[in-house]
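*Asks:* Take this structure first; my questions come after.
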Amino acid sequence: MANLSLEAATKQYGDGDEGVLAVDELDLDIESGEFLVLVGPSGCGKSTTLRMVAGLETLSDGQITLDEEVINTRTPQERDIAMVFQSYALYPHMTVRENMSFGLEESTDLPDDEIEELVEDAAETLGITPLLDRKPGDLSGGQQQRVALGRAIVRDPKVFLLDEPLANLDAKLRAEMRTELQQLQDELDTTTIYVTHDQTEAMTMSDRIAVLDGGELQQVGTPMECYHEPANQFVAGFIGEPSMNFFSTTREGDTLVGEHFEYDLSEETLADIGDAEDVVLGIRPENVEVGDGLPGEHVFDGVVDVVQPQGYENTVHLRFASQDEDADTLTATIDGMRALQWGEEVDIRIPEDAIHLFDGVTGEALHNRVLETVEKVEQIGTA
Ligand code: ADP
């Protein structure tokens, strides 16, 4: 059991005009065994949060508890928490074995043979036994990353804190290590906070995602919740690649009037937006339909601007026909086998059951897409 709670955890660096409110009253409950990914753009307060949990930063306000005991008054060594850094922070003059045993020798009274056994067990779990007598300088980036993980695992801590641990690896290895880390965390069942600025890592690895912006928590939810039911426009734009398309509109009666289109809303959708007048309409690229002679409502004349083939799908940048060539484009993803040409005239359909609407002033979500189809897919997946 290791429940970790942050209660109004706050970090202010410096005072007055020079001061930075890096983390602002952050509330987070991480359940025992949970893999929580803390995600957000650079400078949003992710590392500061992790460092507060590890004990490398003091809190300006609030508290952190582990299994209901306040830990933010304890030294890092007294917290039973292990942190893995992006830079690996291995000692270059020590062998892998020495790097992995060093922490235990310093912080426990365990006899040497027990430490040796723990190191060998951890090395086996990570598949690095043949590397135990090598020095970090003789290892690849991926191997060094495994050793850094090994050093954390060997301590059998209550909580793992991982700060962008895969950031220095190339794309292919990063994808492999993502899977390995997930399997490892499943196996060890250790409560984990994983920090990244990469929304793909957040989506693919986490039990739940916590999205931060400007030191403030925007949303905590499963990857599916954050993707399909974003709490606000920031989360909607941050989670998902390519990003959601956004259009600023003004409501006139039952219609949203944008710069290049008018979009009629059904009674049901209208009920969700209350009396908001400035409304941002959002649609994910995979929900934009592109074709010739598309039937139904919410179809607009468009022009193909740029096509980026990805193999299994193509990312298409489109313009509304009324837009000039320098105007912002609308992104759609279409099947990779479909050919579209630059300058081709197409129909663009923005189906109402897939739109998101946000308050143009506060960014808060007023209406999220209809989830019926998504739920069906999930049920098939778990059947
Ligand atoms: P992230 O990990 O999300 O990139 P950080 O937690 O490192 O963000 O930083 C959050 C904010 O706090 C940033 O504005 C950063 O410049 C500031 N900051 C971080 N560390 C310090 C420090 N030691 N002194 C002053 N400001 C800091």
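The values are calculated or read from the model by the stated rules, or taken from the named source; none is laboratory data. Source: prediction; values computed, not measured. Virtual Cβ from ideal backbone geometry, glycine too; neighbours counted across all protein chains shown. The accessibility values were calculated without ligands, DNA or RNA, using every heavy atom of the protein model including side chains. Shrake-Rupley method; radii C 1.70, N 1.55, O 1.52, S 1.80 Å.
*Asks:* What is the total of Lys pairs in the chain with C-alpha atoms under 26 Å apart, excluding same-chain pairs fewer than 8 positions apart?
*Replies:* On the way: K11/K46; K11/K158; K46/K158; K46/K172; K135/K172.
Taking the Cα cut-off of 26 Å, the pair count is 5.
*Asks:* Determine one quarter of the surface area of the Cα convex hull of the chain, which equals its mean projected area, and express it in nm² to one decimal.
*Replies:* Hull-based average projected area comes out at 23.9 nm².
*Asks:* In nm, to one decimal, how far is the D113 label point from the T204 one, both placed 7 Å along Cα→Cβ?
*Replies:* If labels sit at D113 and T204, their model points lie 4.4 nm apart.
*Asks:* What is the distance in Å between the Cα centres of region 118-174 and region 36-108?
*Replies:* A separation of 16 Å, based on Cα centres.
*Asks:* Restrict the search to region 276-315; then list the GluC sites (Glu not before Pro) that DSSP places in a loop and that have at most 15 other Cβ atoms within 10 Å of their Cβ.
*Replies:* Details: sites: E277, E286, E289, E297, E313; in loops: E277, E297.
Sparse-neighbourhood loop GluC sites (Glu not before Pro): E277, E297.
*Asks:* Now for a different question. How high is the FRET efficiency from V20 to T222, r the C-beta distance, R0 25 Å, rounded to 0.05?
*Replies:* The value I calculate is 0.20.
*Asks:* Looking at region 178-269, which GluC sites (Glu not before Pro) are DSSP coil and have at most 13 other C-beta atoms within 10 Å of their C-beta?
*Replies:* Numbers: sites: E180, E187, E201, E216, E225, E252, E259, E262, E267, E268; in loops: E259.
Here the GluC sites (Glu not before Pro) that fit, given the DSSP loop and packing criteria, are E259.
*Asks:* Now for a different question. Run the accessible area of the chain with a 1.4 Å probe and give the carbon-and-sulfur part as a rounded percent.
*Replies:* Details: 8300 of 18740 Å².
Here it works out to 44 percent.
*Asks:* Give the share of C-alpha pairs in each 5 angstrom bin for region 81-200, from 0 to the last occupied bin, in whole percents, shortest bins first.
*Replies:* 2, 11, 23, 25, 22, 11, 4, 1, 0
*Asks:* Looking at region 4-78, which GluC sites (Glu not before Pro) are DSSP coil and have at most 11 other C-beta atoms within 10 Å of their C-beta? Mind dumping the intermediate values first?
*Replies:* On the way: sites: E7, E18, E25, E31, E34, E57, E68, E69, E78; in loops: E31, E34, E57, E68.
Those satisfying the criteria are E68.
*Asks:* Rounded to the nearest 500, what is the 222 nm mean residue ellipticity of the chain from helices alone, with -39500 (n - 2.57) per DSSP H run of 4+ residues and division by all residues?
*Replies:* After summing the helix terms and dividing by residue count, I get -8000 deg cm²/dmol.
*Asks:* What nm value, rounded to one decimal, do you get for the distance between D335 and D121 when each label is placed 7 Å out toward the C-beta?
*Replies:* 5.3 nm
*Asks:* If you stretched the chain out fully between E241 and D275, how much longer would it get, using 0.36 nm times the residue separation minus the C-alpha to C-alpha distance?
*Replies:* 9.1 nm
*Asks:* Kirkwood Rh, region 22-86, all Cα pairs: how many Å?
*Replies:* So the Kirkwood estimate lands at 12.8 Å.
*Asks:* Hey, another quick one. Provide the per residue accessible area, probe 1.4 Å, for region 243-382, rounded to a whole number of square angstrom.
*Replies:* Dividing the accessible area of region 243-382 by its residue count gives 54 Å².
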